[in-house]
1. Does at least one position in region 340-350 carry a residue that is modelled with pLDDT of 75 or more, within 22 Å of residue 270 (Cβ to Cβ), touching a Pro at 6+ places or on another chain (Cβ under 8 Å) and not hydrophobic (A, V, I, L, M, F, W, C)?
2. Tally time: how many residues in region 214-233 are over 15 Å from residue 246 (Cβ atoms) and either outside the structural domain of residue 175 (by TED's automatic domain parsing) or at pLDDT 90 or above (or both)?
3. Consider residue 95 carefully, then state whether it is surrounded by fewer than 22 Cβ atoms within 10 Å (Cβ to Cβ) and at pLDDT 95 or above.
4. Identify the single condition in (1) more than 30 Å from residue 450 (Cβ to Cβ); (2) in contact with a Phe, Trp or Tyr (Cβ under 8 Å, 6 or more places away or on another chain); (3) surrounded by 23 or more Cβ atoms within 10 Å (Cβ to Cβ) that residue 108 does not satisfy, given that it satisfies every other one.
5. Could you list, in sequence order, the residues of region 32-60 that are in contact with a helix residue (DSSP H, G or I) (Cβ under 8 Å, 6 or more places away or on another chain), in contact (Cβ under 8 Å) with a residue 12 or more places away in the chain and charged (D, E, K, R)?
6. Among residues belonging to region 311-357 that are free of Cβ contacts under 8 Å to residues at least 40 places away in the same chain and more than 18 Å from residue 105 (Cβ to Cβ), point out the one that is surrounded by the fewest Cβ atoms within 10 Å (Cβ to Cβ).
7. Suppose we filter 437, 464, 477 for residues that are of a type outside the set (Asp, Glu) and outside the structural domain of residue 500 (by TED's automatic domain parsing); which single one remains?
8. For a quick check of your reading of the model, give me the residue pairs whose first member lies in region 220-234 and is within 17 Å of residue 54 (Cα to Cα), whose second is of a type outside the set (Val, Ile, Thr) and surrounded by fewer than 14 Cβ atoms within 10 Å (Cβ to Cβ), with beta-carbon atoms closer than 7 Å and at least 6 apart or on different chains.
Amino acid sequence: MISNLRYWFLVVLIVLVYIAGSIVTLFENDSAQFAVMAMRMVNENDFINLFKGPNEYLDKPHMHYWLAALSYKIFGIHDWAYRIPGILATLLGAYSCYGLGKLLYNVDTGKLAALVFMSAQTIVLGAIDVRTDAVLTGFTIFAIWQLTAYIEKGNLMAILLGGFGAGMAFSTKGQIALVVIGLPILCHLAYTRKWHRFLSWKVLLALVIFGLTIAPMLYAYYLQFDLHPEKVIRGRGNRSGIFFIFWEQSFERMSGEGIGKNSSDYFFFFHTFLWVFLPWTLMALAAYWSKAKAFLKVRFAYKPGHEFLTLGGITLVFVLISFAQFKLPHYLNVTIPLFSVLTASFAYDVHRSDKNRMTKFLLGGQYFILSVVFVASALICFFVFKFDGLLIPILLSVAGLVIVYFALKRETYYEKLITVSVCASVLLNAVLNLHFYPNLLNYQGGSNMSELISEHTISVDKIYKIGDDHTWALDFYNKFPVQISSLDELKNKEDVWVYVNDAELETIRQSPLDWDRQLTVNQFRITRLQGKFLNPSTRNQVVRKMHLVHLKHK
């Protein structure tokens, strides 16, 4: 294993990247949307009813929003405060990877698993673009670790903590949490044949803890929906929140009913995995193949010192979510802890077995990934968004020199393998968090308009919109939601502002309304990047405008 000094140096670098990302402006749609939903809880002192804009929100349970609202209560309504629960859950996930790796293998594997998890691209991104998956991932792997510890040791506290972790995960995103926890645990039980562990009174206590943990969420669903069968949610009345979260939710996502379909590609998550687990993708694929081949060779016969939890859990979860008709890349986040432990065990086994040829091959792959990162970083810094100022270039240059030093330093292949991989992640995400995202967010209309509103001391309670577009970033940074109106209603209002896109501005122009002041900002859907936007010479072809106009009567 690498030295403790090197290990903690790499951990600190990753944490610094997290901190740099925590002060970046919130991204639309999901991060800003969820931040606004939690903000509404605090502003209205209503922690029971969940709303997405004007509509009641059934899709996901309350825990993520409660945690964000608690952070607001402690620190105030800030973008970095919204991110704190997600980052803490990510650190819990890293510690749980350590615990599970140590339990199934050894301390060195556990330490490496935590490092792999923290530096995986989708996890770093998930700590910045915080959605429900950050909290979900942290508590699912925590529950898996504790339940596995109970299976191995029969410890009461372990299964009670496992029940609590499962309850927190379920209260964050529903049934998928129990699936992601249950499948790896079933694989472990089937392989070790320790079914007797669950024929115990301790399991009943764990179920009680699970029930108590999810009770607040169920009660909130009951108050908002079950007591009000007259409410119509997505075209249906008589909706039970409790029945939805226990039964309907995952079936709707699998079939696409209610939330819609966005992909029938059964290989979506396979090719998506190629980037979400960078810089460890090549090692993960090698680890999966090596482990699968070993189990097939012995026909899955039990051998002490081996585990089927990671391989089996990854396989079953992958197959299951691949049949869903609604897919997004961050749905893979819950599998990353299992991949991290699997990859760490493979890397450590290669090192321990002195397989220098394999280590050199893997190192060559990591050098290739590092070279791609250097090229991508150069393109971002000197082509996509050119540097403005000296601080960021100096910091990134220092980071580049540190990486070159470690790449050229004479040490074992294993030390280089781990160091180069983590440095590739740190460099890429330092460039993203310190340079790319801040420049990219200059094209997010809502957050930029909020700055102009503050500069011109415009009352946020006098801002309206007439279209159906959501205004999450503007709502959050104004700390007050944009009010919905219509052209007819605006005719009777005085001294108000209207937030509109180009088409809506033309509608106002053709109406009896007129305006005497206008503020304009650039607008681009920053989470849906495309080549024309990244190319400065064609960027203006895809960038739209958003306007804030002060109305006067003709």
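1. no
2. Quick first cut of region 214-233, residues over 15 Å from residue 246 (Cβ atoms) only: 216, 223-224, 227-233.
Now restrict to residues that are either outside the structural domain of residue 175 (by TED's automatic domain parsing) or at pLDDT 90 or above (or both): 216, 223-224.
So the count comes out to 3.
3. Working: surrounded by fewer than 22 Cβ atoms within 10 Å (Cβ to Cβ): yes; at pLDDT 95 or above: yes.
So residue 95 fits the description; yes.
4. Of the numbered conditions (1) more than 30 Å from residue 450 (Cβ to Cβ); (2) in contact with a Phe, Trp or Tyr (Cβ under 8 Å, 6 or more places away or on another chain); (3) surrounded by 23 or more Cβ atoms within 10 Å (Cβ to Cβ), the odd one out for residue 108 is (3).
5. Quick first cut of region 32-60, residues in contact with a helix residue (DSSP H, G or I) (Cβ under 8 Å, 6 or more places away or on another chain) only: 32-39, 41-42, 46-52, 56-60.
When the remaining residues are screened for being in contact (Cβ under 8 Å) with a residue 12 or more places away in the chain, the result is 32-39, 41-42, 47-52, 56-60.
Those that are in contact with a helix residue (DSSP H, G or I) (Cβ under 8 Å, 6 or more places away or on another chain), in contact (Cβ under 8 Å) with a residue 12 or more places away in the chain and charged (D, E, K, R): 52, 56, 59, 60.
6. Among those that are free of Cβ contacts under 8 Å to residues at least 40 places away in the same chain and more than 18 Å from residue 105 (Cβ to Cβ), it is 357.
7. Numbers: 464 fails: outside the structural domain of residue 500 (by TED's automatic domain parsing); 477 fails: outside the structural domain of residue 500 (by TED's automatic domain parsing).
Sole residue among the options that is of a type outside the set (Asp, Glu) and outside the structural domain of residue 500 (by TED's automatic domain parsing): 437.
8. 230/237; 231/237
The values are calculated or read from the model by the stated rules, or taken from the named source; none is laboratory data. This one's a predicted model, so the numbers in the text were calculated from it and none came from an experiment. Methodologically, a virtual Cβ is constructed for each residue, glycine included, from the backbone with ideal geometry; neighbour enumeration extends over all protein chains shown.
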